[in-house]
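Scroll down for the structure; my scribbles are underneath it.
The values are calculated or read from the model by the stated rules, or taken from the named source; none is laboratory data. Only a predicted model underlies this, so the values are computations on that prediction, with no experimental measurement involved. Here the Cβ positions follow ideal geometry from the backbone for every residue, glycine too, while neighbour counts run over all protein chains shown.
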Amino acid sequence: MTRSGRLAGAGPVVRRRLLVAVPVLAATSIGMFALGAASPVDPAKQYAGAAAFTASEENLAQLRANWGVDDPLPVQYLRWISNLVQGDLGWSTSRHEPVASVLAARAGWTLLLIGVTLALVLVASLLLGALAAYRRGGVFDRGLRTAAYAVESMPVFWLGLAAIAVFALALGWLPAGGLTDVTATSTSWSDVAHHLILPVGVLAVSQAPWFVLFVRDAVAESLRDDHVLAARARGLPGRTVLFGHALRTALLPFLTLVGTHLPELVGGAVLVETVFSLPGLGAVTVAAALGSDFPLLAAITLVTTAVVLAANLATDLAYAAADPRVRLDG
Amino acid sequence: MADLAARPSPLRIARSRLRLLPGQAGVVTAGLVLVVAVVGSLLAPFVWPLDQSAVALDQTRLAPSWAHLAGTDDLGRDVAHRAVYGLRVSLLVGAVAALVATVLGGVIGGIAGTLGGRVDRILMRIVDTIAAMPHLLLGIFIVAMLRPSLGAVIASVGLTHWLSTARIVRSELLSLRTRPFIDAAIGGGAGRLRVLRRHLLPHVLPRLALATTLMIPHAVWHETALSFLGLGLPPHLASLGNMINDGQGSLLTGAWWASLAPGVVIVVVTLAIAVLAARWRDRLDPRVRAELHL
Amino acid sequence: MTRMRPTFRRLVASTAATGMLVLAGCSAPATPDSATGGATLVVATSDEPDALNPVLNYGVDGASLIFDGLVTRDNDNRLVAGLATALPELSPDGRTVTAKLRDGVQFHDGTALTAQDVVFTYQAVLDPTVDSTLRSDLDMVESVTAPDAATVVFRLRYPYAPFLQRLTLGIVPAKLLAGQDINTAGFNRKPVGTGPYRVESWTPGDRLVLTANERYFGGRPRNDRVVVAFVADDNVRAQRMRAGEFDAAELPPKLASGFDADATYRVQRVPTADYRGVMLPTGNPVLADPAVRRALNLAVDRAAMVSGLLGGAGEPAFGPIPPTSEFADPSIIGKPTADPTAAGTLLDAAGWTPGPGGVRVKDGRPARFTLMYPASDTLRKDLALAVTADAKKIGIEVTPAGLTWDAIDPRMKSDALLMGYGTPYDPDFVSYKLFGSRFAGQGYFNPGSYRSEVTDRALQEGRDQIDPALRKAAYAQFQKQLAGDVPWLFLAYLRHTYVLKSSVRGVAPRVEAHEHGVANSLWWNIDTWTRS
């Protein structure tokens, strides 16, 4: 079968996935809207922002009329969702600007943080996990597993604070926060890279245990596979067997599972961004939550979900294209 | 943990008495830690009652001493005392949220696993789709809309953590369906419910119980993360997240002890659960393991 | 830098080469090109404005760095001419105010300021479709007109003594906003004013970059650029201050005190009119009893709060007019420490007798109430707990409740609330609405529905009379009445604490208002700051 032939089945798969994803997302949006409507938050006061503290009733009534928040709920929902579908994500009450421009200004930095972290974690965990699996039960394996469990039980924001205390305050090697030097007038990549070392490192370390342990187990298992045993029997050197055969077998299922771990990574990124005061989506999400900013929160949650779903689909399709034995199902 | 046992220590003597295999010492220690944590936090209100809103402005920021084992915080409150209550709250949030998640996941996974076929495929696709929602974002959304409170935190953890339970229950049930003894039971004329009760439940329940236990650390982290972001319990209540959050400022002004005790409590308890889980995960299929985020 | 590994060194070198100053790696705080006077000053605050538009409440009290009002305030908060050539004149009937505009003032885009811009600004505030909450502060304005390009005439519905104080509002260019929806205009993000600094860029959640306005009518700023970093988290802000990133940062008192011992920093504790207190609603059956309110007033240990919670950065408060104000009445000042005995006697006399569990009871009703505080505000949480502890000592059980503002909102009629307010400019400003019965139950104005005819009369008198002596007498009566009625439990006046690098020169603290952030903070005169 040719490669394109294998991917020919992709169309129906995408359709089937959408067939589930769209209703689920729609149901979720209704659920979120219901929760927002049931919430005792007064949207007029949200629109007034901090000024609501001193706004008169008459002022607020005007705000209500301006924003149509007294319309029946189904009307409001339909207005919101149809705007959403048409790309109008609404007006952020906590930031006082369109939700779309909040996302446009910030999503890039979050994506950068997650992307760089993911790349780093993948490379590091493949290396470390394979090495640990090769000498299963050895000192390195035991040490790595202990470290993984220890790190896993530490909250990521704690790691972040510790990293700031050590690397920024005590040693003075790296900046304690921010994305660029605070007096910088333009964004230079070397400056950003310098500022991202700590956040990326902390996020990577906190996410690594899951990846490392998974690779270790998968490689350990595939080291017992027939073709790997055969390669060993042929007298191939250990390194070739490990990286050429065992790791390769374990690699593909691992890569598709990375997609399922993305939501966890997003959560970690929110916390890391808060600790390092990065201008990504994390800080804005927290501010939105504290200000009960429904439009922004709902948009961030739904958009992130859609992105993760798309990423999952992409990895599955890539997996299918790469491995002829895999049949894509629904 | 095994290294500890190599030295002549009370642990070693205990192990020889209990005839434990090497490696089991860690499991026993972890078990003991958990028992102490649970019993301690259950008994705390009777043995060592705490006035959550008490402050002592003449005893602020005292370093650890015999009077205050873990020191006092910015408001003169005993850190060790509050850490015990923080653990209590965290375990409560963890247990109730895990229970909510277990019921939700058990029902959905149970339906998918028992009915199989089309229902199973659709339900699992739905589960996959929901799994693509970042928990923390969804949790933040729920808390923001319900307003930060104990109930909101429990809801936010419970409603976002049932997916792995659903998957475990479902895969366990599906694998059982193909076993000969089930066929035999059905062939013997047993009704669906009876098969479920007599044959399936006894196999599924231990897994379910473990899945619930494993969810507790997640719930504890979730609670601390939300509190850290200022979206958790009301900040004057003793919870581990609130204490770390308060202690963060003290750290900068030299009172390192304020966040030490709650941090250590989190690490020790979650580590204990992780050690127990490690024994179990070795017997699991990697794919299931991954789905459990172990 | 010697401890750095090569990779870090390379990174640092490359960043430094592009002209950006790197603070990491140096044990001494970085001192950028200070000699040239072309320095960039960096200040940090937690408080990011929603919009940089005076019509939408940005920098209403002046010192907004970007805009100017008709009048402005000097080092002692005295009014001086701003965009007006002199302080505007009041007609004998007190209902007409005429302002003459300075010649040759230009907006940042080079267009000339005219009276039409002033008229537009005030009319925008008064426009009901604009979400401006200043409207209620200017409801005495009947009309604003511009008889010629350099004259603005305000016509008032009624005489209003402190009207000139309201003219600090920044003026926006009519040309850029006319015909637009001001609530959502792009101007709010990239504003154009007449002030000492132009907005170069604003990255929400990160920083606001301002550059010197070469044509500023008050003289070109003594520095080239000001960066306002927005760092919401107090601890992170303190860490970044410690790492040398900022020239000045506002920090909570406790965190600021960590910098006291370090000679490279200077801590400024600025007196304010910013008070914290407990609003005691009359709708609560326990708090409705004046004896309970007076007993609480005696029972709270203000001195312990100031030293224990504020790290000494504050003063005990006994009323809404700050001790720095000429209107403050010294007779209302009580004991800064607690007097539980006197409080107990008062409660005994009023029939609140000790009951089960140490909680007093009267007519079967236990002395209990809920004290709400905004959960995100650490200081108010601390104060709420201190009040709770003090009340317990006199047999009153307080349940603290940390909530979000929207949860607090509907409960203010019956549950006590830890509030903060205060402005140093005129006693009328906040108090008229906070304690006037006309505003009872209206949002955050008088949420506890306090009603007193004496207070109402005194407040009205203070607003109507132009003669300072008569105003002073009116406000003395107002303060005495409040001290007796205790609608609020005033606890403390804060000092806003700022940490500065010692090398910063030209700082002139003045009494600050509750609301401060980018505008109206310690850096109100940052255009005259230099680094030595």
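Condition check ((1) under 20 Å from residue B:52 (Cβ atoms); (2) at pLDDT below 95; (3) within 14 Å of chain B (Cβ to nearest Cβ); (4) in contact with a strand residue (DSSP E or B) (Cβ under 6 Å, 6 or more places away or on another chain)) across all residues:
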{"site": "C:337", "(1), (2), (3), (4)": "no, no, yes, no"}
{"site": "C:355", "(1), (2), (3), (4)": "no, yes, no, yes"}
{"site": "C:358", "(1), (2), (3), (4)": "yes, yes, yes, no"}
{"site": "C:366", "(1), (2), (3), (4)": "yes, no, no, no"}
{"site": "C:407", "(1), (2), (3), (4)": "yes, yes, yes, no"}
{"site": "C:418", "(1), (2), (3), (4)": "yes, no, yes, yes"}
{"site": "C:429", "(1), (2), (3), (4)": "no, yes, no, no"}
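Restricting region B:53-71 to residues that are facing another protein chain (nearest Cβ under 8 Å) and polar (S, T, N, Q), the residue that is farthest from residue C:393 (Cα to Cα) is B:60.
For region A:87-98, the criterion of being away from chain B (no Cβ under 12 Å), without any contact (Cβ under 8 Å) to a residue 60 or more places away in the chain and out of contact with any strand residue (DSSP E or B) (no Cβ under 9 Å at 6 or more places or on another chain) is satisfied by at least one residue. Using the structure shown, decide if residue A:317 is more than 21 Å from the chain's Cα centre (by Cα), buried (at least 17 other Cβ atoms within 10 Å of the Cβ) and either away from every other protein chain (no Cβ under 11 Å) or in a loop (DSSP other than H, G, I, E, B) (or both). So residue A:317 fails the test.
Please count how many residues of region C:244-264 are facing chain B (nearest Cβ under 10 Å) and either polar (S, T, N, Q) or not in a loop (DSSP other than H, G, I, E, B) (or both). Result for region C:244-264: 4. Taking the numbered list (1) assigned to a loop (DSSP other than H, G, I, E, B); (2) surrounded by 21 or more Cβ atoms within 10 Å (Cβ to Cβ); (3) within 12 Å of another protein chain (Cβ to nearest Cβ) in turn, residue C:190 passes all entries but (2). In region C:375-398, the residues that are within 7 Å of chain B (Cβ to nearest Cβ) reach residues that are polar (S, T, N, Q) with C-beta atoms within less than 8 angstrom, at least six apart or across chains, in these pairs: C:375/C:404; C:376/C:404; C:385/B:53; C:388/B:53; C:388/C:399; C:389/B:53. For residue B:33, the conditions (1) modelled with pLDDT of 90 or more; (2) in contact with a Lys or Arg (Cβ under 7 Å, 6 or more places away or on another chain) all hold with the exception of (2). Say whether the condition of being without any contact (Cβ under 8 Å) to a residue 24 or more places away in the chain and aliphatic (A, V, I, L, M) is met by at least one residue in region C:320-334. Within region C:320-334 (the criterion being without any contact (Cβ under 8 Å) to a residue 24 or more places away in the chain and aliphatic (A, V, I, L, M)), the answer is yes, since at least one residue qualifies. Of the helices (runs of 4 or more DSSP H) that lie entirely inside region C:413-498, those containing 1 or more residues that are within 30 Å of residue C:234 (Cβ to Cβ) span C:428-435. Taking residue C:415, is it out of contact with any Ser or Thr (no Cβ under 6 Å at 6 or more places or on another chain) and touching a residue at least 40 places away in the same chain (Cβ under 8 Å)? Against the criterion (out of contact with any Ser or Thr (no Cβ under 6 Å at 6 or more places or on another chain) and touching a residue at least 40 places away in the same chain (Cβ under 8 Å)), residue C:415 does not qualify. Within 28 Å of the chain's Cα centre (by Cα), in a helix (DSSP H, G or I) and small (Gly, Ala, Ser), is that true of residue C:331? Criteria met by residue C:331. Candidates in region B:92-131 are the residues that are within 14 Å of chain A (Cβ to nearest Cβ), buried (at least 18 other Cβ atoms within 10 Å of the Cβ) and among the β-branched types (Val, Ile, Thr); of these, the one that is nearest to residue A:313 (Cα to Cα) is B:129. Considering only region C:138-151, I want to know if a residue exists there that is assigned to a helix (DSSP H, G or I) and either within 14 Å of chain A (Cβ to nearest Cβ) or in contact (Cβ under 8 Å) with a residue 40 or more places away in the chain (or both). Within region C:138-151 (the criterion being assigned to a helix (DSSP H, G or I) and either within 14 Å of chain A (Cβ to nearest Cβ) or in contact (Cβ under 8 Å) with a residue 40 or more places away in the chain (or both)), the answer is yes, since at least one residue qualifies. Here residue B:217 does not fit the description of being closer than 30 Å to residue B:143 by Cα, without any contact (Cβ under 8 Å) to a residue 40 or more places away in the chain and in contact with a helix residue (DSSP H, G or I) (Cβ under 9 Å, 6 or more places away or on another chain).
Condition check: closer than 23 Å to residue C:214 by Cα, in contact (Cβ under 8 Å) with a residue 60 or more places away in the chain, hydroxyl-bearing (Ser, Thr, Tyr) and in contact with a strand residue (DSSP E or B) (Cβ under 7 Å, 6 or more places away or on another chain). Does residue C:96 satisfy that? For residue C:96, the condition - closer than 23 Å to residue C:214 by Cα, in contact (Cβ under 8 Å) with a residue 60 or more places away in the chain, hydroxyl-bearing (Ser, Thr, Tyr) and in contact with a strand residue (DSSP E or B) (Cβ under 7 Å, 6 or more places away or on another chain) - is not met. Of the candidates A:184, A:133, the single residue that is at pLDDT below 85 and within 14 Å of chain B (Cβ to nearest Cβ) is A:133. Exactly one residue out of A:250, A:231 is touching a residue at least 12 places away in the same chain (Cβ under 8 Å) and either surrounded by 24 or more Cβ atoms within 10 Å (Cβ to Cβ) or in contact with a strand residue (DSSP E or B) (Cβ under 7 Å, 6 or more places away or on another chain) (or both): that is A:250. Look through A:172, A:115 and report the one residue that is away from chain B (no Cβ under 12 Å), touching a Gly at 6+ places or on another chain (Cβ under 7 Å) and without any contact (Cβ under 8 Å) to a residue 12 or more places away in the chain. Only one candidate qualifies: A:172. Residue count for region A:278-322 satisfying the condition of being in contact with a Leu (Cβ under 7 Å, 6 or more places away or on another chain) and free of Cβ contacts under 8 Å to residues at least 60 places away in the same chain: 6.
Just wondering, is there one or more residues in region C:119-130 that are outside any loop (DSSP other than H, G, I, E, B), over 30 Å from residue A:61 (Cβ atoms) and at pLDDT 95 or above? No, region C:119-130 contains no residue that is outside any loop (DSSP other than H, G, I, E, B), over 30 Å from residue A:61 (Cβ atoms) and at pLDDT 95 or above.
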